[in-house]
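The values are calculated or read from the model by the stated rules, or taken from the named source; none is laboratory data. Keep in mind that this is a model prediction, so the values were computed, not measured. Every residue, glycine among them, receives a Cβ derived from its backbone with ideal geometry; neighbour counts consider all protein chains shown. For accessibility, only protein heavy atoms count, side chains too; no ligands or nucleic acids. Shrake-Rupley method; radii C 1.70, N 1.55, O 1.52, S 1.80 Å.
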Amino acid sequence: MKNTYPKYFLGANSCEGFVSHFSDSYLAGDGWRAYIIKGGPGTGKSSFIKYMVSAAERYGHSTELCVCSSDPSSLDGIIIKDMKTVFLDGTSPHVVEPKYPGACEEIINLGAFWDAEKLASKEKQIIDVTNKNKLLHKAVSGYLSACGELIYDNLKLSRLLADVDKTKAFALNLCKKYIPEKSGVKGKEWIRFIGGITPLGVVSYSGTVTDFFENVIIIDDKYGGVAGIITDAVRNYALNFGYEIITLKNSFLPSEMCDHILIPELSLAIVRESEYMNFESGERRIHARRFTDVSQMHHDRPRMLFNRRVARELLLTASSTLSRAKSVHDELEKYYVDAMDFTALSMYAESLSNKIFK
């Protein structure tokens, strides 16, 4: 079954720490409007966003869902591209503060719907549980940092093994074949993720590509050295010819790897398939081995396999610790749920949606 909505992450529990692209999901001064939602855990931020998804659909607008990396069943935001409108959870760890409040950004304060006295009466419990949750996330960061060192070691090795000139020449031919030249200003880039390290393990939304793009070219590359050369070339080529692109970064090492490039205008996707991201068969596949010094890889193989095995174990531990953190977060939410007036919040959501989508 095809997905109804494209799904992305705007933030990543990466091996480099938490990386956020929430503030980059809209462009101030270009007709965009951002609704930034503030409030504590359990105050209905995700439910509020889901209500806006339904409201947008009722009025004939399509939405892109931004999933929460700490709980994939929740939403951290939606992007309504045809309206140039976003709704974003602006709380930690992906804090969003308005740069031009009132002009193109509006704060939605869900704290207006809670009973402050009830929360104050639970001050000690809320502080204790919050601090417990922070300690668990600190442990997650340690596991992921160690995991990242091993993944980065394999990336460096794979870059050394790649025939750079051959790969660049191939990438240029690929660009000329699939991306028509056109004149105009430099293109626009949006940065997101379609994979995320979550309490459920690594969650991947390959359907965001295969269900919404007609031409999908897959680079089969476990370690990323070859794929990185190709995606960088595609990115630069498309931007230079004025295309709007979606750059999907690697959720482990976002500063080092761009895994996928989407060009909506051409319904074209150049994507990397790896251990944690699989795509449906049938599309064109490029195998990294054809651009790799296979004989040298034979010598490096034991080291690379060891890195993969230990990184996998660290990742499993990080995910299980994230799961524990979610359980603690769920405990924290109960204090806020008990203090919220959800009836009043629902009435406000209905009123605001009628105002926005009318």
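So here's what we get for this one:
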{"read-out": "Filtered GluC sites (Glu not before Pro), the range 192-262: DSSP coil and at most 10 other beta carbons within 10 Å", "value": "Glu214"}
{"read-out": "Cα-based convex hull, the range 158-223, per residue volume (Å³, whole number)", "value": "159 Å³"}
{"read-out": "Exposure of His61 as accessible area (Å², to 10), given a probe of 1.4 Å and all protein chains", "value": "40 Å²"}
{"read-out": "At least 30 Å along the helix axis (C-alpha) and Kyte average at least -0.5, DSSP helices within the chain", "value": "123-161"}
{"read-out": "Accessible area expressed per residue, the range 233-358, with surrounding protein chains retained (probe 1.4 Å, Å²)", "value": "50 Å²"}
{"read-out": "Extension gain (nm, one decimal) between Tyr59 and Ala116, 0.36 nm per residue minus Cα-Cα", "value": "17.0 nm"}
{"read-out": "Descending semi-axes in Å of the chain, equivalent ellipsoid built from Cα gyration tensor", "value": "38, 27, 15"}
{"read-out": "Spin-label model distance (nm) - Asp211 vs Arg309, 7 Å beyond Cα toward Cβ", "value": "3.7 nm"}
{"read-out": "Sequence-distant lysines (8 or more away, or on other chains) whose Cα lies within less than 19 Å of Lys176", "value": "Lys166, Lys168, Lys186"}
{"read-out": "3J(HN,Hα) from dihedral phi, the range 181-189, Karplus parametrisation 6.51/-1.76/1.60, rounded to Hz, x for glycine, proline", "value": "6, 8, 8, x, 6, 4, x, 10, 10"}
{"read-out": "Stokes-Einstein D in µm²/s, Kirkwood radius over Cα pairs - the range 236-289 at 37 °C with 0.692 mPa s viscosity", "value": "262 µm²/s"}
{"read-out": "DSSP beta bridge pairing in the chain, given as percent antiparallel to the nearest 5", "value": "50 percent"}
{"read-out": "Surface share of carbon and sulfur [accessible, 1.4 angstrom probe, percent] for the range 18-85", "value": "50 percent"}
{"read-out": "Karplus-derived 3J(HN,Hα), 6.51/-1.76/1.60, for each residue of the range 258-273, Hz, glycine and proline x", "value": "10, 7, 9, 10, 10, 10, x, 4, 9, 6, 10, 10, 10, 10, 9, 9"}
{"read-out": "Filter on Lys99/Lys222; Lys84/Lys124; Lys45/Lys122; Lys81/Lys132; Lys45/Lys358; Lys138/Lys334 - keep pairs with C-alpha separation over 32 Å", "value": "Lys99/Lys222; Lys84/Lys124; Lys81/Lys132"}
{"read-out": "Ranked order, Leu316, Leu253 - accessible area, probe 1.4 Å, largest first", "value": "Leu316, Leu253"}
{"read-out": "Protein accessible area in the range 224-283, 1.4 Å probe - carbon and sulfur %", "value": "42 percent"}
{"read-out": "Debye log10 I(q)/I(0) at q = 0.11, 0.16, 0.23 Å⁻¹ for the range 89-209, Cα point scatterers", "value": "-0.83, -1.25, -1.34"}
{"read-out": "Accessible area, probe 1.4 Å, largest first, for residues Trp114, Trp32", "value": "Trp114, Trp32"}
{"read-out": "The range 205-327 pair-distance distribution - Cα-Cα, 10 Å bins, rounded %", "value": "12, 37, 33, 17, 2"}
